[in-house]
1. Can you tell me which residue within region 572-598, out of those that are part of a helix (DSSP H, G or I) and among the β-branched types (Val, Ile, Thr), is nearest to ASP324 (Cα to Cα)?
2. Taking region 623-667 as the region of interest, how many residues are of a type outside the set (A, V, I, L, M), within 18 Å of the chain's Cα centre (by Cα) and farther than 23 Å from GLN169 by Cβ?
3. Give the residue, chosen from ALA536, ALA529, that is among the small types (Gly, Ala, Ser), within 30 Å of ASN396 (Cα to Cα) and either modelled with pLDDT of 90 or more or more than 29 Å from the chain's Cα centre (by Cα) (or both).
4. Tally time: how many residues in region 359-407 are β-branched (Val, Ile, Thr) and assigned to a helix (DSSP H, G or I)?
5. State all residues of region 259-314 that are within 17 Å of GLU376 (Cβ to Cβ) and open to solvent by 10 Å² or more (accessible area, probe 1.4 Å); if no residue qualifies, say none.
6. Quick one: would you say ALA454 is among the small types (Gly, Ala, Ser) and open to solvent by 10 Å² or more (accessible area, probe 1.4 Å)?
7. Pick from ASN123, ASN117: which is touching a residue at least 40 places away in the same chain (Cβ under 8 Å), open to solvent by 50 Å² or more (accessible area, probe 1.4 Å) and on the phi < 0 side of the Ramachandran plot?
8. Filter region 646-679 for residues that are open to solvent by 10 Å² or more (accessible area, probe 1.4 Å), assigned to a helix (DSSP H, G or I) and of a type outside the set (S, T, N, Q); which is modelled with the highest pLDDT?
Amino acid sequence: MKNENKISERIVLVEEELEKLKQNSPYIQEYEAALQKLADTMSLLVSSDDNLISRFKDNLSAFEKYHPQIYKFFKDYIPEKYIVDATDGFVNAINVETGQPFYPYPSLLSTQLQFDNFTQSPNIKEFNFNVLDENEAEFIHVDYLDSILALLPKKNDGETKKTRSTTDQLSSLIIFGVGTGYHLEMFARSYNIACLYIIEPDLDLLFLSLFSINWQFVLNTFDKKGCQIHISLGPQEDTFFDDLMTKSAMNGRYQMANVAGYIHYQSDDIDKLLNEFNRRYLEMGQGWGFFDDAVMAIGHTLGNIKNKVPLLKKCAVNNIEYADLPVFIVGNGPSLDESIDTIKALQNKAIIISCGSALSALYKYGIKPDFHCEQERTFPVAEKIALSCPNEFLDNIVLLAPTTVHPAVFSMFKRSIMAAKAHEPSSSLLLRDKVGAKLFEAYHFINPTVANTALVMGYNLGFKSFYLFGIDLGHKQDGHHHSKKSMYYNEDEKDLDLYPVDTDKFIEVDGNFGGKFICDSFFNQSNTALSRQILAFDDLHCFNLSDGAVIKGSAAMKVNQLKVTLDEALHIDKVAVINKVSQDSGYVDDILFDRLVTDLDYQYFDDVCQRLITLNSEPVNNFNEAKALLLNNTVVMEALTQHAHSLLIGTILHMQVVLTQLLYSSLNTDTAVENFNKGMVFYCQFIGKAATYYKENAEQAHYIEDNKWIAKLKNSK
């Protein structure tokens, strides 16, 4: 204990000397010399090998209490790349191959300087939700969410940056790299953090920290402050972001709406993790849906079931007689124009599935698909299809779509098959039915784009060999964004400005045939879902002929290769195949509608809404109470039935995000609490309105009249 006290006293002196150095050493040469001079006097920081061993044992005991798996792994760990060294009075690591120290300067001093820089200018990422100019669909979530958004400080008022340099509160912090770990002690002393993610890809460097810092202090301090800690160790490039998504969902995804990043050291492994995080960060704030969408999904599903639209049976995936048939999934990406001659030449040797607006391009090119996919749930989809081609062109085309798609869309096709979509209240309603649980499945990876729907439903119909055309999921710099024969362009191939392009949100991705492409997070999320679907099933074979983004799991294939592959293939009797697929895969239950309507459970949902209103009606008095209230809402939500949870969770998450940003973007904690309480008033008003809205709309389809996008498309004709 006496040695520990001496060490603590010396650390305080070091920090004081460091502050003087920063003020008096304007040139790097002077700074380096001063650092070395100070380090030469600090041998008391590590006085003996016994001190190192004692710290190591104490730290193992701390991990045994807080993280037993880490304790078990490191209690007999033997490092391979580094050895622990303390010859200069500071713990360091020496590379066994090069003999070079991991820290070129004394580790404590370097870390203190780095930490101080963070406190002055933390690197923070945020979700950005924007106030809508108008509410065409008359969604109730828009009105209340916009009211909370209006409470946020304006971006040009200078408050946000100033706040970040003075606050001791962080919603989420991701630390990339542990090393000696002194920064962990500094964060424990100086910050209140709701969620802390510690990432260390090099196990030797976590081992190093067991000899340097006081993990007992770190873990115990964060625990007392109510911080939720997640520690991820070892190589994790392929799993890092998905693991982060899972852990953040456990804590409440809203906490990632304001996340700070701290990069302790640079390495190839950490650079890869950072690139992956920056590339996919916005996914954490996407795909949640909204309350109105969820109610719409129920109304549309019930309407489609009442109209006897067949539901995809989960056993259809085993229809092996279709497994070897080639299936062309045709999207509306720019490269479709380059491959259209190949599709036309081989159209009788493959089943063709068109995706969304690709229908308009295929019609102009004179190619009739066998199946067509839609995915969006709003009524304008029906109007879009009507503007894509004449009604008679749809004859003999089978529609494939989630149950959530508007009944008006299904009514345009003489034959259809619909599939339950995961994480929808309509699907939870369907699957808690006795017959529904036996016959159907809610499919993952079926969104966000129509390409995802096509691959998932195509595979679960029994097809197993897919060839992707125009599934670009990105475009070349300054290139066109869709096929020039589709509805996005006029007869002269001039862009009609129907597709919004936000260049600020573009990310760069690798191309299927090399080069680089740019895309937004929406298409990148679609790409990820396609990859997961492909990699999840060994019998799913996917070949990508699109000149767009690379899709993991698919094999790049040039059109010439495909021509060789299908050169000897026979023409397919498409009528027979489509008839058999429709007969084997779809199921209609004459009384399923009546059973589901009686299970809508309006009273339970009323009770849930009242419970949430009661929980949130009293104003909070301080910052910690506000954080606790948000977490309590998450706890309540997780205890609900899957049906009620999926109804509310989308809008509640969006509101929690903005409420979190109110807390962390205000000039001081008093203002933060005041704005938070104002936001909670709108939150409670939404919950109260939701109970009534559910009763009034759960059994009917939703219509949007005079949609401006459709009006613009009509005027361009």
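The values are calculated or read from the model by the stated rules, or taken from the named source; none is laboratory data. For clarity, every value in this text was computed on a predicted model and none was experimentally measured. Note that each Cβ is placed from the backbone with ideal geometry, even for glycine, and that neighbours are counted across all protein chains shown. For accessibility, only protein heavy atoms count, side chains too; no ligands or nucleic acids. Shrake-Rupley method; radii C 1.70, N 1.55, O 1.52, S 1.80 Å.
1. Filtering region 572-598 for residues that are part of a helix (DSSP H, G or I) and among the β-branched types (Val, Ile, Thr), the one nearest to ASP324 (Cα to Cα) comes out as VAL577.
2. Going through region 623-667 one residue at a time, the tally reaches 3.
3. Sole residue among the options that is among the small types (Gly, Ala, Ser), within 30 Å of ASN396 (Cα to Cα) and either modelled with pLDDT of 90 or more or more than 29 Å from the chain's Cα centre (by Cα) (or both): ALA529.
4. Final tally of qualifying residues: 2.
5. Listed by number, the residues that qualify are GLN286, GLY287, TRP288, GLY289, PHE290, ASP293, GLY303, VAL309.
6. no
7. ASN123
8. If we take residues in region 646-679 being open to solvent by 10 Å² or more (accessible area, probe 1.4 Å), assigned to a helix (DSSP H, G or I) and of a type outside the set (S, T, N, Q), then LYS678 is modelled with the highest pLDDT.
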